[in-house]
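Read the structure below first, then the notes.
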Amino acid sequence: MSNKARKAAFADLAKHKKRLSGTTMREMFAHDPDRFASYSARFGDMLLDYSKNRIDSQSMKALFELAREVDIEGRRDAMWSGEAINVTENRAVLHMALRYFGNSPVMVDGKDVMADVREVLQRIKGFSEAVRTGEIRGNRGDQFTDVVNIGIGGSDLGPVMVTLALEPYTRPDLRAHYVSNVDGAHMADTLKALDPAKTLFVIASKTFTTDETMTNAHTARKWLAEALGEAAVNDHFAAVSTNIEGCQNFGIREDRIFGFWDWVGGRYSVWSAIGLPVAIAVGYDNFEAFLRGAGEMDEHFRTAPLEENLPVIMGLLGVWYRNAWGFATHAVLPYDQRLSRFPAYLQQQDMESNGKSVTLNGKDVAWETGPIIWGEPGTNGQHAFYQLIHQGTSVIPCDFLLAVKPHENLPPHHAKLVANCLAQSEALMLGKTEDEVMADLKGTGLSRSQIKALLPHKVFPGNRPSNTLVYEKLDPATLGKLVALYEHKVFVQGTIWNINSYDQWGVELGKQLAKALLTKVEGSEGSEGHDSSTRGLLAHFHNLKG
Ligand code: F6P
């Protein structure tokens, strides 16, 4: 589809928006008792209720037409066939192969990659089980009690998020920690309570050159060597990378290096050996269940008709709000405390993927692309930022996530959690009219003038959109499905926006400038050549530092 045709399609969506602008969702629900049935989709136990959106059958038809016009299915098949759809890096995008347990070959550059994938998986299994049973120990013979993953971005956010989400599957005597920030506080606070003799480090870096990770890795190595001697590095370090030579140069022994491949993007790498700390923390079988769950979602994405395809529906709704309504942000609100890092994980997955402003062929995009993704778990968010979602001047489409069954038997907690989640999407959709507020205020003893003054503050505009995703239980397979669902949603949107969702050149400039500024911060060079703001900040820094 040409860029001109895309512009025309977005203009057509804007017409649908205009048509719908005069109708509220409250009215739509009142007129159509079957609205939920018309606008909900299922995949296994997972239900996507998207009926509380500003949509009707015509606008959805236009969105599915757009999906067909940009050839979502063809692009999806191109990705799965190993085509180098990451055009700026000339790479295939095949994280789906990491969770594929079928028998067909998965080809990259004329080679079936599945044998390598399975070999590394077997090594993850062997190593994680040996750490968990104590067959693999520290150099003084102690069983490992703590695993510290050192990585950042995709080499951190995925495993952190998954480990937290799968807490019920972890063991109290084997804890996983994650150090990412180059701020020494992160490393110091993590190591404070740890016993070097019982600590295993995993250095996770696709490139094995990322400054934060290398700095943290050297600090960890020094800490360990000071306590146990240099020789202990051999037994206390493992590494995960595509840069095997870099791992070897650091001194990681061969059998503790776990490889992956350049066709796995950093933010799509939790399914690779980057998931090693997860496998250690929750056990290999649970890690594999997580992969298999994602594999099931892949199959759904690859085979379900667009109108029933959860990632396609969610992707299209995001496009609808971004390109027809101009909504700039999207909130992800898990009513599932263990998904507390899911919004942060999605920030990288979505914003590093679709935060682009040139098309695949290098032209400036003439439409909005990726939204700002943010969120926190409910019910906490209700007592923080929900005020703005209900009554602020910005409209923020939300995703509510909810498990039917908790892991805990602690009534009445879960019933209250569920009630709150359902109440929020209902309140956002319905709002509260002047008449309803008036009815509440009558009989409170307030005077007419007091009621008049208070009334506008108590009105809720409503008509605020949301999706609700309900699943049976946050188990490893469900988590895999959820993560893959959002990955494919990002793919759908990137395809519609005609951008490369698989590079991230935007992170480079800051890295380069930080390198150039280091000598000036350390004081070995003056700040000449920088702008007056940077010079002023450096001067203030040196003045206070003394
Ligand atoms: O921030 C840019 C980035 O390249 C991410 O895409 C990546 O996940 C992260 O840095 C870490 O990179 P690496 O795994 O190579 O250390």
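Would you check which residues across segment 351-370 are assigned to a loop (DSSP other than H, G, I, E, B) and open to solvent by less than 10 Å² (accessible area, probe 1.4 Å) and list them?
Initial filter on segment 351-370 (assigned to a loop (DSSP other than H, G, I, E, B)): 355-357, 359-363, 365-370.
The one that is assigned to a loop (DSSP other than H, G, I, E, B) and open to solvent by less than 10 Å² (accessible area, probe 1.4 Å): Thr359.
Taking the condition of being surrounded by fewer than 18 Cβ atoms within 10 Å (Cβ to Cβ), assigned to a loop (DSSP other than H, G, I, E, B) and within 16 Å of the ligand (Cβ to nearest atom), how many residues in segment 190-241 meet it?
Counting residues in segment 190-241 that are surrounded by fewer than 18 Cβ atoms within 10 Å (Cβ to Cβ), assigned to a loop (DSSP other than H, G, I, E, B) and within 16 Å of the ligand (Cβ to nearest atom) gives 2.
Can you confirm whether Ala484 is away from the ligand (no atom under 16 Å from the Cβ) and of a type in the set (Gly, Ala, Ser)? Talk me through it step by step, then tell me what you get.
Numbers: away from the ligand (no atom under 16 Å from the Cβ): yes; of a type in the set (Gly, Ala, Ser): yes.
Considered against the rule, which asks whether it is away from the ligand (no atom under 16 Å from the Cβ) and of a type in the set (Gly, Ala, Ser), Ala484 comes out as yes.
Those residues that are part of a strand (DSSP E or B) and open to solvent by less than 10 Å² (accessible area, probe 1.4 Å), I need them from segment 469-501; list them, please. Reasoning before the result, please.
From segment 469-501, those part of a strand (DSSP E or B) are 469-471; that's our starting set.
Of everything in segment 469-501, those that are part of a strand (DSSP E or B) and open to solvent by less than 10 Å² (accessible area, probe 1.4 Å) turn out to be Leu469, Tyr471.
Could you tell me whether any residue of segment 374-394 is under 29 Å from Met46 (Cα atoms), within 16 Å of the ligand (Cβ to nearest atom), of a type in the set (A, V, I, L, M, F, W, C) and surrounded by fewer than 22 Cβ atoms within 10 Å (Cβ to Cβ)?
no
Whether any residue in segment 133-155 is among the polar types (S, T, N, Q), over 18 Å from Ser272 (Cβ atoms) and within 15 Å of the ligand (Cβ to nearest atom) is what I want to check.
Just the residues of segment 133-155 that are among the polar types (S, T, N, Q), to begin with: 133, 139, 143, 145, 149, 155.
Okay, now just the ones that are also over 18 Å from Ser272 (Cβ atoms), so 133, 139, 143, 145.
So of that shortlist, the ones also within 15 Å of the ligand (Cβ to nearest atom) come out as none.
No.
Go through segment 396-455 and count every residue that is in a helix (DSSP H, G or I), closer than 24 Å to Asn467 by Cβ and of a type in the set (A, V, I, L, M).
Residues meeting the conditions: 10.
Do the conditions hold for Glu129, that is, is it without any contact (Cβ under 8 Å) to a residue 40 or more places away in the chain and more than 15 Å from the ligand (Cβ to nearest atom)?
In short, no.
Can you name the condition, by its number, that Glu296 falls short on among (1) in contact with a strand residue (DSSP E or B) (Cβ under 9 Å, 6 or more places away or on another chain); (2) within 28 Å of His414 (Cβ to Cβ); (3) open to solvent by less than 40 Å² (accessible area, probe 1.4 Å)?
So Glu296 meets the others, but not (3).
Which numbered condition in (1) in contact with a strand residue (DSSP E or B) (Cβ under 6 Å, 6 or more places away or on another chain); (2) part of a helix (DSSP H, G or I) is the only one that Ile252 fails?
(2)
Among residues belonging to segment 156-175 that are among the hydroxyl-bearing types (Ser, Thr, Tyr) and in contact with a strand residue (DSSP E or B) (Cβ under 9 Å, 6 or more places away or on another chain), point out the one that is nearest to the ligand (Cβ to nearest atom). If you could, list the steps in order and put the result at the bottom.
Filtering segment 156-175 for residues among the hydroxyl-bearing types (Ser, Thr, Tyr) gives 163, 169-170.
With in contact with a strand residue (DSSP E or B) (Cβ under 9 Å, 6 or more places away or on another chain) added as a condition, the list becomes 163, 170.
Values: Thr163: 17, Thr170: 24 Å.
This residue is Thr163.
From the residues in segment 435-466 that are charged (D, E, K, R) and over 30 Å from Asp49 (Cβ atoms), which one is most open to solvent (accessible area, probe 1.4 Å)?
Within segment 435-466, the first condition is being charged (D, E, K, R), and the residues that meet it are 435-436, 440, 442, 448, 452, 458, 464.
Within this subset, residues satisfying the condition of being over 30 Å from Asp49 (Cβ atoms) are 442, 448, 452.
On the way: Lys442: 137, Arg448: 213, Lys452: 160 Å².
Out of the qualifying residues, it is Arg448.
Give the residues of segment 304-350 that are of a type in the set (A, V, I, L, M), surrounded by 19 or more Cβ atoms within 10 Å (Cβ to Cβ) and either under 25 Å from Val70 (Cα atoms) or touching a Ser or Thr at 6+ places or on another chain (Cβ under 8 Å) (or both), sorted by residue number.
Initial filter on segment 304-350 (of a type in the set (A, V, I, L, M)): 304, 306, 310, 312-314, 316-317, 319, 324, 328, 331-333, 339, 344, 346.
Subsequent filtering for residues that are surrounded by 19 or more Cβ atoms within 10 Å (Cβ to Cβ) retains 310, 312-314, 316-317, 319, 324, 331-333, 339, 346.
Passing the criteria: Leu310, Val312, Ile313, Met314, Leu316, Leu317, Val319, Ala324, Leu346.
Being open to solvent by 10 Å² or more (accessible area, probe 1.4 Å), over 17 Å from Thr209 (Cα atoms), under 21 Å from the mean Cα position of the chain (by Cα) and at pLDDT 95 or above: is that true of Ala289 here? Before you say what the answer is, go through the steps one by one.
On the way: open to solvent by 10 Å² or more (accessible area, probe 1.4 Å): yes; over 17 Å from Thr209 (Cα atoms): yes; under 21 Å from the mean Cα position of the chain (by Cα): yes; at pLDDT 95 or above: yes.
Here the answer is yes, as Ala289 does meet what is asked.
If you check Trp271, Trp261, which single one turns out to be open to solvent by 20 Å² or more (accessible area, probe 1.4 Å), outside any helix (DSSP H, G or I) and in contact (Cβ under 8 Å) with a residue 40 or more places away in the chain? Can you show your working first?
On the way: Trp271 fails: open to solvent by 20 Å² or more (accessible area, probe 1.4 Å).
After ruling out the rest, the residue left standing is Trp261.
The values are calculated or read from the model by the stated rules, or taken from the named source; none is laboratory data. No experiment lies behind these values; they were computed from the predicted model shown. Here the Cβ is made from the backbone with ideal geometry for all residues, glycine too, and neighbour counts use every protein chain on show. In case anyone asks, the SASA skips ligands and DNA or RNA and just uses the protein heavy atoms, side chains included. Shrake-Rupley method; radii C 1.70, N 1.55, O 1.52, S 1.80 Å.
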